[in-house]
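Throughout, read-outs are computed from the coordinates displayed, never taken from laboratory work. All figures in this text were calculated on a predicted structure; none of them were measured in a lab. We place every Cβ from the backbone using ideal geometry, glycine too, and count neighbours over all the protein chains shown.
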Amino acid sequence: MSIKQLIKPSNIKIDDHFRNTFDHSETEVSARWIIMFLRARNAVEDKGWELFPEHHLVAFYQLLRKQPQETFNFNRLLRSPSMGTHYLIRENGIVEATDQFISRIASNSNLLSAESLECPQKYRDAYESACK
């Protein structure tokens, strides 16, 4: 069974910083935004870990930050041959969360819940406004 079947975005807590998960504070902030986005998307339309358009993530991020010109920084999450990691793959404006991304989050037991967690309404509203 794949990790994507074992752990859903709704099993990942988003109330706090993803400390000590990616060994880089800014990358942990970016990972948390991606999980917030996926949790909101799944609350509105259940798509699990399916690929998503980058512009949806950016629109969601800009709406919640109230910064319409701000860009989303993936930091060290994107494939980097020099670092040998590929937590996310971005091709032609489509983003994929890899098994390595999910495994890295799962390695921090403070972020996981055995039960499905409710997505806060403000994230669902932001997803619907920005992406529907």
Original post:
With all pairs of different alpha carbon atoms counted, what Kirkwood hydrodynamic radius in Å does the chain show?
Top reply: 14.9 Å
Original post:
Between GLU50 and GLN121, what is the label-to-label distance in nm when each label sits 7 Å out along the Cα-to-Cβ direction?
Top reply: 2.7 nm
Original post:
Using a Förster distance of 22 Å, how high is the FRET efficiency between ARG19 and ALA114, based on the Cβ-Cβ distance and rounded to 0.05?
Top reply: 0.60
Original post:
GNM, the chain, Cα, under 10 Å: largest mean-square fluctuation among ASN92, ASN20, ASN11?
Top reply: ASN92
**OP:** Enumerate the calculated ³J(HN,Hα) couplings along the stretch 62-71 in order (Karplus 6.51 cos²θ - 1.76 cosθ + 1.60, θ = phi - 60°), each rounded to whole Hz, writing x wherever the residue is Gly or Pro.
**Re:** 5, 5, 5, 7, 6, 10, x, 9, 6, 9
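Summing -39500 (n - 2.57) over the DSSP H runs of n ≥ 4 in the chain and dividing by its residue number, what mean residue ellipticity at 222 nm do you reach, to the nearest 500 deg cm²/dmol?
-12500 deg cm²/dmol
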**OP:** Find the Cα radius of gyration of the stretch 1-59, compare it with 2.2 N^0.38 Å by division, and give the number to two decimals.
**Re:** 1.15
**OP:** Determine the sum of side-chain charges near ASP23: Lys and Arg each +1, Asp and Glu each -1, restricted to other residues whose C-beta is under 15 angstrom from that of ASP23.
**Re:** +2
Original post:
Which net charge results when you count Lys and Arg as +1 and Asp and Glu as -1 among the other residues whose beta-carbon is under 14 Å from that of SER113?
Top reply: -1
Original post:
Listed here are the pairs LYS4/LYS132; LYS4/LYS66; LYS66/LYS122; LYS47/LYS132; LYS13/LYS122; LYS13/LYS132; which of them are more than 20 Å apart at the Cα?
Top reply: LYS4/LYS132; LYS4/LYS66; LYS13/LYS132
Original post:
How large is ³J(HN,Hα) for each residue in the stretch 91-98, as worked out from phi by the Karplus curve 6.51 cos²θ - 1.76 cosθ + 1.60 (θ = phi - 60°), to whole Hz, x for Gly and Pro?
Top reply: 9, 6, x, 10, 10, 10, 7, 8
